[in-house]
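One structure is given here, and the rest of the page talks about it.
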Amino acid sequence: MRYKLAQEQYLACRFSTSLYIMMDHSMANSLLTRCLLGASLLTATAAFANNNPNNADYTGWSWSGHVDHVTIDTQAASEQWIEDTATAIGGAAEYYSSKTENTLVLGANILFYRDNAAFSQYVEDYWGDTDYTESDANAFMLFAEYGPKYRFGQNNMSFVTLRGGVSGILGSERSISNCSNCYSEDIDINGGVYGVLGIGQTLGSLDLSLQFQQYFSGDLDNTLRLKLSGAF
């Protein structure tokens, strides 16, 4: 609005200059003053628009940390003697380009299964002490995602994400933690291809978002993720 008003005043100034000599001195000075103010406002508004950080193109890396609630295919979980839900914590590096609105995400998770077939055994530590220790059921996941991140709202402080991703699960087993010669069992749960839909808000220098991942292959059904991210 300010920019449009400045333009109108500036155009009026050009037209009125030719009439300057036809008016009395007082009226001409008043009109000329208004024209100069309009031209100044036009210049300042254009400079602000060009220098507005929200309009600038930029690229760069950011970090993120997250907590996941993971739902596993019921049949696959039953065959591996685990519950069909799990918890995961992880982090990722993200590369963003405002020119394309796309984000590349490379990350990792640690999955904590809810085990129904835990075992125990005596474990001897480095100093020769023994302890009766129960097994854990965990896995390590790697994932990659790519897709747009669209900003909207006041000052572009809100955003939605729409991505495709793929995950792979490694070291999925039931074992005694930190034991090199203990008994262990593989837990055969696989990652797969999935889609991501998320919404978030920028809070100062941090982004807080909630994401839903729907799997189209593998042994995972879906994931609900709470995520916090910021620039390096």
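The values are calculated or read from the model by the stated rules, or taken from the named source; none is laboratory data. Just so it is clear, the model here is predicted, and its values are computed rather than measured. Glycine also receives a Cβ, built like all others from the backbone with ideal geometry; neighbour counts cover every protein chain displayed. Areas reflect the complete protein model, heavy atoms only, side chains present, ligands, DNA and RNA absent. Shrake-Rupley method; radii C 1.70, N 1.55, O 1.52, S 1.80 Å.
Quick notes
- Being over 30 Å from GLY230 (Cβ atoms) and either in contact with a Lys or Arg (Cβ under 9 Å, 6 or more places away or on another chain) or part of a helix (DSSP H, G or I) (or both) holds for only one residue in ALA117, ALA88, and it is ALA117.
- Region 181-228, subset hydrophobic (A, V, I, L, M, F, W, C) and under 18 Å from SER62 (Cα atoms), residue farthest from the chain's Cα centre (by Cα): LEU203
- Selected residue (criterion: farthest from THR103 (Cα to Cα)) from residues of region 134-160 that are open to solvent by less than 40 Å² (accessible area, probe 1.4 Å) and of a type in the set (S, T, N, Q): SER135
- Test: residue in region 119-126 that is crowded, with 19+ Cβ neighbours inside 10 Å and either at pLDDT 95 or above or over 27 Å from the mean Cα position of the chain (by Cα) (or both): no
- Of all residues making up region 69-91, the number that are open to solvent by less than 10 Å² (accessible area, probe 1.4 Å) and under 23 Å from the mean Cα position of the chain (by Cα): 3
Here is a yes/no grid of residues against (1) among the acidic types (Asp, Glu); (2) part of a strand (DSSP E or B); (3) surrounded by fewer than 18 Cβ atoms within 10 Å (Cβ to Cβ); (4) at pLDDT below 95:
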site: SER167; (1), (2), (3), (4): no, yes, no, no
site: ARG174; (1), (2), (3), (4): no, yes, no, no
site: ASP188; (1), (2), (3), (4): yes, no, yes, no
site: GLY195; (1), (2), (3), (4): no, yes, yes, no
site: ILE199; (1), (2), (3), (4): no, yes, yes, no
site: SER209; (1), (2), (3), (4): no, yes, no, no
site: GLN213; (1), (2), (3), (4): no, yes, no, no
site: SER217; (1), (2), (3), (4): no, no, yes, no
site: THR223; (1), (2), (3), (4): no, yes, no, no
